[in-house]
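Before any comments, here is the structure.
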Amino acid sequence: MSPAVPSAVQEIADGYAFTGPALDLGAVLLDGTAYAGAPVRVPLGVLNRHGLVAGATGTGKTKTLQLIAEQLSAQGVPVFLADIKGDVSGVAAPGAPGERTAARAAEVGQDWRARGCPAEFYALGGQGTGIPLRATVTSFGPLLLSKVLDLNETQEASLGLVFHYADRQGLELYDLKDLTAVITFLASPEGKEELKGIGGLSAATAGVILRSLTLLENEGAGAFFGEPEFDTAELLRRAEDGRGVVSVLELPAVQDRPRLFSTFLMWLLADLYQELPEVGDLDRPKLVFFFDEAHLLFKGASKAFLEAITQTVRLIRSKGVGIFFVTQTPKDVPGDVLAQLGNRVQHALRAFTPDDAKALRATVSTFPKSPAYDLGEVLTSLGTGEAVVTVLSEKGAPTPVAATRLRAPQSLMGPLEPAALRAAVDGSALVGKYRDAIDRESAYEKLAARAARPEAEPVPVPASAEEAEARREREPGRGREKEGAGLLGSLLGNPALKSFARSAGTQLGREISRSLFGTSRRRR
């Protein structure tokens, strides 16, 4: 029998009595006692306002995101999980019943039933068991790639020139060797001649960009860039029974390759932002992201990268996408990003050192004041699977701070066996679509063929829009239209101005066809 609910606990619980669909996190905890009659919940409709799950190692953060993910799936909301430690693949399998699970369920009023979620497993560039995720260099675009490579403004402009040249010459940029080949060619004497009309690429700048690309490739990005490119719409799928698919991205070695993780994250969010329509506030999100070990995302990140993430978090909410960062302390997340995270689940913190004590005080200061708790004391005394919670209500106001004993996940709390993981991947309908890499003829092959010709003849390329128009102007009967053009005709006939116009037109077209994050618009 659950204990009677004291008035202080009931006052907290009243702040979580929502009328619409919501996720059940657990029960209010006061003085070591959990009150099953005082549930702590989070409305589905506010999950696109983003969130934070934080706490020291071993306090249960991963199980919390697993708990939230499986409930989202049950409510028909697709979920994306970045699995850095390799311990959330069990979300696809039913959990194992036991005495501890039964006791926890009784304490918090949970009707616990072992149940797995429909899941897909991915790996960057096929570096792991999951379905390979790839993207083309072209889809990144020069702006986003410049941020990933931490280029300065001059180098960014030069990389934009490289993309401009490749666009006009029909040199497809699918993988890093394509981009490297174009940069190397444009830095050569022959390439410099071709760039005379629209600018140039200095040897020093080309060297910086090539070295940055080499570093990125050494971190494993070589396998990530290429075809077939992953369609981010796959992350929005539901199973036949209406449950949202949980997409698990395995990143077992990301600590050694943070640049690869950052590259993928920026592209994935930018592509989703580009493709999804504006929807405003829905009764439930279209997709919720969980980024475990979020400190790896921000550690050593450039200013440009942080600005891009901040802008993405701010704007993608209107596309119906929620983002949860999972890390050890709130200070791991930049202040501009933290300010946009409306839902908080804070597990225990330790105060063993002066730095720990300072981080604890900073964390306490970010929560609403609570008459029921001394948060500094509570946060250092929480047990595993317990957390301090505050979320946004259905009206968008913060709920009362609630120390919470969390529910137990119904899926397997641990990784799948390797054989079961392999079977799940092999049985996916997406395997045939993405498993095998494709290496079509592109910039690398075309430039190699050009260099092999005795006189280095230009490679035949499709006519650009302005070239096609020029051909039409030369057709019989068109000449009379130009008579009397006067000064305008003279200006348009000026080679230098025509070159400038082509460059400006192409650049304008790129700005229109690429999102403000620099990614190209996908043709689906």
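The values are calculated or read from the model by the stated rules, or taken from the named source; none is laboratory data. Small disclaimer: the values here were computed from a predicted structure and weren't measured. All Cβ positions, glycine included, derive from the backbone under ideal geometry; neighbour counts span all protein chains shown. Ligands, DNA and RNA are stripped out before the accessible areas are found, and what is left, the full protein with its side chains, is counted by its heavy atoms. Shrake-Rupley method; radii C 1.70, N 1.55, O 1.52, S 1.80 Å.
Rundown of residues vs (1) touching a His at 6+ places or on another chain (Cβ under 8 Å); (2) charged (D, E, K, R); (3) over 27 Å from VAL431 (Cα atoms), yes/no style:
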{"position": "GLY207", "(1), (2), (3)": "no, no, yes"}
{"position": "LEU210", "(1), (2), (3)": "no, no, yes"}
{"position": "LEU216", "(1), (2), (3)": "no, no, no"}
{"position": "GLY220", "(1), (2), (3)": "no, no, no"}
{"position": "ASP231", "(1), (2), (3)": "no, yes, no"}
{"position": "GLU240", "(1), (2), (3)": "no, yes, no"}
{"position": "VAL245", "(1), (2), (3)": "no, no, no"}
{"position": "LEU249", "(1), (2), (3)": "no, no, no"}
{"position": "PRO252", "(1), (2), (3)": "no, no, no"}
Identify all residues within region 98-127 that are open to solvent by 40 Å² or more (accessible area, probe 1.4 Å) and either β-branched (Val, Ile, Thr) or more than 30 Å from PRO39 (Cα to Cα) (or both); write none if there are none. GLN127
When the residues of region 374-392 are narrowed to those that are touching a residue at least 60 places away in the same chain (Cβ under 8 Å) and part of a loop (DSSP other than H, G, I, E, B), which ends up surrounded by the most Cβ atoms within 10 Å (Cβ to Cβ)? VAL391
On the given criteria, is LYS192 surrounded by fewer than 23 Cβ atoms within 10 Å (Cβ to Cβ) and in a helix (DSSP H, G or I)? yes
Scan region 393-427 for residues that are out of contact with any strand residue (DSSP E or B) (no Cβ under 6 Å at 6 or more places or on another chain) and part of a strand (DSSP E or B) and jot them down. SER411
Mind counting the residues in region 236-260 that are buried (at least 24 other Cβ atoms within 10 Å of the Cβ) and either part of a helix (DSSP H, G or I) or at positive phi (or both)? 2
When you scan region 61-97, how many residues do you find that are at pLDDT below 95 and closer than 20 Å to GLY320 by Cβ? 3
If you go through region 204-229, how many residues are modelled with pLDDT of 90 or more and open to solvent by 50 Å² or more (accessible area, probe 1.4 Å)? 3
Out of curiosity, is ASP167 open to solvent by 10 Å² or more (accessible area, probe 1.4 Å), acidic (Asp, Glu), part of a helix (DSSP H, G or I) and over 30 Å from LEU406 (Cα atoms)? yes
Give just the number: which of (1) in contact (Cβ under 8 Å) with a residue 40 or more places away in the chain; (2) of a type in the set (A, V, I, L, M); (3) open to solvent by 30 Å² or more (accessible area, probe 1.4 Å) does VAL88 not satisfy? (3)
